1. Anything in region B:254-276 that is at pLDDT below 95 and among the β-branched types (Val, Ile, Thr)? List them, or say none.
2. Looking at region B:165-180, which of the residues that are within 7 Å of chain A (Cβ to nearest Cβ) and farther than 13 Å from B:Gly222 by Cβ is surrounded by the fewest Cβ atoms within 10 Å (Cβ to Cβ)?
3. Could you count how many residues in region B:216-235 are within 14 Å of another protein chain (Cβ to nearest Cβ) and either farther than 17 Å from B:Val265 by Cα or surrounded by fewer than 17 Cβ atoms within 10 Å (Cβ to Cβ) (or both)?
4. Of the conditions (1) crowded, with 19+ Cβ neighbours inside 10 Å; (2) in contact with a His (Cβ under 9 Å, 6 or more places away or on another chain), A:Ala239 satisfies every one except a single condition; which number is it?
5. Answer yes or no: is there a residue in region A:122-138 that is within 14 Å of another protein chain (Cβ to nearest Cβ) and free of Cβ contacts under 8 Å to residues at least 12 places away in the same chain.
6. List the pairs whose first member sits in region B:310-326 and is not assigned by TED's automatic domain parsing to the domain that holds B:Gly256, whose second member is hydrophobic (A, V, I, L, M, F, W, C) and not in a strand (DSSP E or B), and whose Cβ atoms are under 9 Å apart, counting only residues at least 6 apart or on separate chains?
7. Please work out which residue is nearest to B:Glu208 (Cα to Cα), limiting yourself to region B:232-269 and to residues that are touching a Pro at 6+ places or on another chain (Cβ under 8 Å) and small (Gly, Ala, Ser).
8. Please count how many residues of region B:314-338 are closer than 12 Å to B:Lys282 by Cα and surrounded by 14 or more Cβ atoms within 10 Å (Cβ to Cβ).
Amino acid sequence: MTADAAPLAVMIVDDEAPARRRLRELIADCAAEMPLTVTGEAANGRAALEFLAEQSVDVVLLDIRMPDMDGIELARHLGNFERPPAVIFTTAYDVYAIRAFEVHAIDYLLKPIRATRLREALARARAAARPNAEALEALQAKARAYLSAPERGRVHLIPIAEVIYLKAELKYVTVRTAEREYLIEESLARLETEFGERFIRVHRNCLVAKASIRTFEREADEGEGHWVVLLNACDERIAVSRRQQHVIRELTG
Amino acid sequence: MASIVNQNAYASALPNFRNLGIVLRILVIVNLVAGAAAVLKSASLGDTWRELLEVSIVIQPILILSLLVLMAASGALQRLPYFLGAAVVIMVELAVVTVVLVFGRPLLDAEVAPIERYWVLTVAMTLALLGYFDLRGRALSPALAEARLQALQARIRPHFLFNSINAVLSLVREDPRRAERALEDMADLFRVLMADNRELTPLAREVELCREYLNLEQLRLGERLKIDWHIEKMPGDALIPPLVLQPLLENAVYHGIEPRTEPGVISINIYLAREQVHAVLKNPYRHDGDHHGGNKMALGNIRERLALHFDAEASLTIKMGDSAYQVHIVIPYVTAKS
């Protein structure tokens, strides 16, 4: 038996139970002609990530519009996996996303899905290139709900609401929550554009969550002193650079 | 050929003097003209106020009495041919002016201009108003309004259509009877969506349509969607423009239920109060929700259709709380018999 003959492990992610049932039926139909097995199901992106952290699959059939974490965001987090599964998006109607899928040659299926189309997509899935990160970033209409940090073969999900600050350090960005720190491989400038409503830049290398700011304090040093941010949920003091001092006025009114 | 042209031609008709919008327009226009007259008459700007008062003392009783008479006679006037009706309106106005001046003059300190001048002004003002309402009627005439209504007709989201077909497909093998019912609901819904929706429809029928629509959504969303009906006091015979409630429920599902993982309740409360039909739809809502564009389009569409049918007598108001979104529609209670 060659590796190709091992059944293709498929995961179904869709928030509508009937849509998941329909896909199960179709996969059962296709299984007569190619070795297939459904190894998992989830009703939203977050649940899917939790499942995939425990168990790896070959292909994820991924609905776009879902509550909590949508399909595009899930695909972006999957990019942080060591061996990311192939992704086939499924959607009933989404003109914007479909155009983008065409442009970036990302696989997608239109609901209601035909068994023949599903079979073709699954047949080439194992060899298919994974959707690239920039294409997915361009597709994401709104800011992500989570950041994901890979760590020793696992992927941590950090709800964006729990992030106190983001600090750029050499190659990485440190993500600070009340409990601990994580390292992510993203650019601070892009994070600032994506989450600009929630965070404010207090220093060239640091974005602080507006909601986490307790107050500003002037700290004496040899010169004329400098300002620092005091935070709600952690004891650290973050320096405010001279260039960004105007944010103090903006935030304290 | 001639008959076709005639069918499309606009037949002038007197305004409905019992319509709040018409009454308001008359009041505003006449008072604006009176104000302009006061400004013209006054020697200085300080004088204007006194002039305005003097004009008002004469104008307001005439205006109120005229409107009362016209309101009372509105039904009879509507049955007359247009030009005869217009002539009667002018006669009524002249009579009212005469009565007010003859009986009012002893009560007024102010010097009142000769009655002939008022007659001329009355005829001019009445003709101007009738002309205005005729033009307005033409602008909103069935031929034009028809074209606009067609363009405005509420459109169902393709998203809903394809997801529903998908949900029905998922039932075909496991629960064929439920699949049948779902297809029947879909057929009814699309029959109405594709129908000529210019005529008013009984409220009970629109509510039935809403039920069918919600059955389909329930199929997809299962227990994530909970519906709370309060329609015991609903006047089922009230006439409303079709597809006013269904698109609002579609919004409620799309913006209120679908973006949530936990179950949400849509409440529908329809009742009759003081000869007005109230429909209050409430759904959960989170501020950071997306897709605002489509929402505004559907609301604008419904507002415009309510205005075309009921003018100022219908209203649609939105209340947005921290966690709930509410649409409140008020429509005058009209039935097929009235």
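1. B:Ile257, B:Thr261
2. Only one residue fits best here, namely B:Arg173.
3. Summing the residues that are within 14 Å of another protein chain (Cβ to nearest Cβ) and either farther than 17 Å from B:Val265 by Cα or surrounded by fewer than 17 Cβ atoms within 10 Å (Cβ to Cβ) (or both) in region B:216-235 gives 2.
4. Only one criterion in (1) crowded, with 19+ Cβ neighbours inside 10 Å; (2) in contact with a His (Cβ under 9 Å, 6 or more places away or on another chain) is unmet by A:Ala239, namely (1).
5. No, region A:122-138 contains no residue that is within 14 Å of another protein chain (Cβ to nearest Cβ) and free of Cβ contacts under 8 Å to residues at least 12 places away in the same chain.
6. none
7. B:Gly236
8. Total meeting the criteria: 6.
The values are calculated or read from the model by the stated rules, or taken from the named source; none is laboratory data. What you see is a predicted model, and the numbers here were worked out from it, not measured in a lab. Because the Cβ atoms are built from the backbone with ideal geometry, glycine has one as well, and the counts that use them run over all protein chains shown.
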